[in-house]
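Input: a single structure, listed below in structure tokens.
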Amino acid sequence: MSQDEIERQFHVQNLNARYVSTIDNDRLEDWPDYFTEDCLYRITTKEDFDEGLLLGIIYATTRNMLIDRVTSLRDANIYEAHNYRHILATPLILSDQEGILKVETNFSVIRTMHDGDSILFASGRYLDQIIGAGSALKFLERIVVTDSRKFDTLLAIPL
């Protein structure tokens, strides 16, 4: 692995670590900043993804849509208090073409409810298109493909 490849891998891992830290530490107002202005954020199931179905559980095509989602989470939606803790695998950089990195990262999310009960809430993989250089990387596209098509409660907080 060349020095450039090592640095690129580090920056992608750092982007993912900062992203999940923002969610896990309830700094949701910062979450949209990880995306380009025109972006795609979609949560879908493996089954729907494999069948090529485009819509998802959450579907946003701009950073403003992500900001609206956070605003509604804070001001309008009512859901039982809980938090996430992400566990990430090492990102696999699949390609680097014309300044766009295609990356796959496996994840697990443990959800802890206000009463202290914890469960494995979701597992799956992030399929990303990332642009930028060095520490200035942003998601052009993040498709969250969950292994299960069943969630035991409302999926309120982004994965």
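The values are calculated or read from the model by the stated rules, or taken from the named source; none is laboratory data. Computed from a prediction, not measured in an experiment: that's the story for all the values here. Cβ coordinates were reconstructed from backbone atoms using ideal geometry, including for glycine residues, and neighbour counts include every protein chain displayed.
Values as computed for the structure displayed
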{"read-out": "Within region 46-80, tally of residues that are farther than 18 Å from ASP33 by Cα and among the charged types (D, E, K, R)", "value": "7"}
{"read-out": "The lone exception for THR146 - which of (1) more than 13 Å from the chain's Cα centre (by Cα); (2) touching a residue at least 12 places away in the same chain (Cβ under 8 Å) it fails", "value": "(1)"}
{"read-out": "Cβ pairs under 7 Å, 6+ apart, first in region 12-26 and surrounded by 13 or more Cβ atoms within 10 Å (Cβ to Cβ), second acidic (Asp, Glu)", "value": "THR22/ASP30"}
{"read-out": "Identity of the residue in region 88-117, in contact (Cβ under 8 Å) with a residue 12 or more places away in the chain, outside any loop (DSSP other than H, G, I, E, B) and of a type in the set (Ser, Thr, Tyr), that ends up nearest to ASN16 (Cα to Cα)", "value": "THR105"}
{"read-out": "Residues satisfying the stated conditions in region 41-56, i.e. in contact with a helix residue (DSSP H, G or I) (Cβ under 9 Å, 6 or more places away or on another chain) and farther than 12 Å from LEU127 by Cα", "value": "LEU53, LEU54, LEU55, GLY56"}
{"read-out": "Residue check, GLU47 surrounded by 13 or more Cβ atoms within 10 Å (Cβ to Cβ), acidic (Asp, Glu) and under 14 Å from the mean Cα position of the chain (by Cα)", "value": "no"}
{"read-out": "Which numbered condition VAL103 fails, given (1) modelled with pLDDT under 95; (2) in contact with a Pro (Cβ under 8 Å, 6 or more places away or on another chain)", "value": "(1)"}
{"read-out": "From the options ARG69, ARG63, ARG42, residue that is modelled with pLDDT under 95, closer than 23 Å to GLY132 by Cβ and touching a strand residue (DSSP E or B) at 6+ places or on another chain (Cβ under 9 Å)", "value": "ARG69"}
{"read-out": "Any hit, region 114-137, residues being surrounded by fewer than 18 Cβ atoms within 10 Å (Cβ to Cβ), farther than 25 Å from GLU29 by Cβ, acidic (Asp, Glu) and modelled with pLDDT of 95 or more", "value": "no"}
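Conditions tested, residue by residue: (1) of a type in the set (A, V, I, L, M); (2) closer than 25 Å to ASP4 by Cβ.
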{"residue": "LEU66", "(1), (2)": "yes, no"}
{"residue": "LEU73", "(1), (2)": "yes, no"}
{"residue": "ALA81", "(1), (2)": "yes, no"}
{"residue": "ILE93", "(1), (2)": "yes, yes"}
{"residue": "PHE107", "(1), (2)": "no, no"}
{"residue": "ILE110", "(1), (2)": "yes, no"}
{"residue": "ILE131", "(1), (2)": "yes, yes"}
{"residue": "GLY134", "(1), (2)": "no, yes"}
{"residue": "LYS138", "(1), (2)": "no, yes"}
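Let's see how each residue does on (1) without any contact (Cβ under 8 Å) to a residue 60 or more places away in the chain; (2) β-branched (Val, Ile, Thr); (3) farther than 19 Å from LEU137 by Cα:
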| position | (1), (2), (3) |
| --- | --- |
| GLU37 | yes, no, no |
| LEU40 | no, no, no |
| ASP48 | no, no, yes |
| GLU51 | yes, no, yes |
| LEU55 | yes, no, yes |
| ASP68 | yes, no, yes |
| THR71 | yes, yes, yes |
| ARG74 | yes, no, yes |
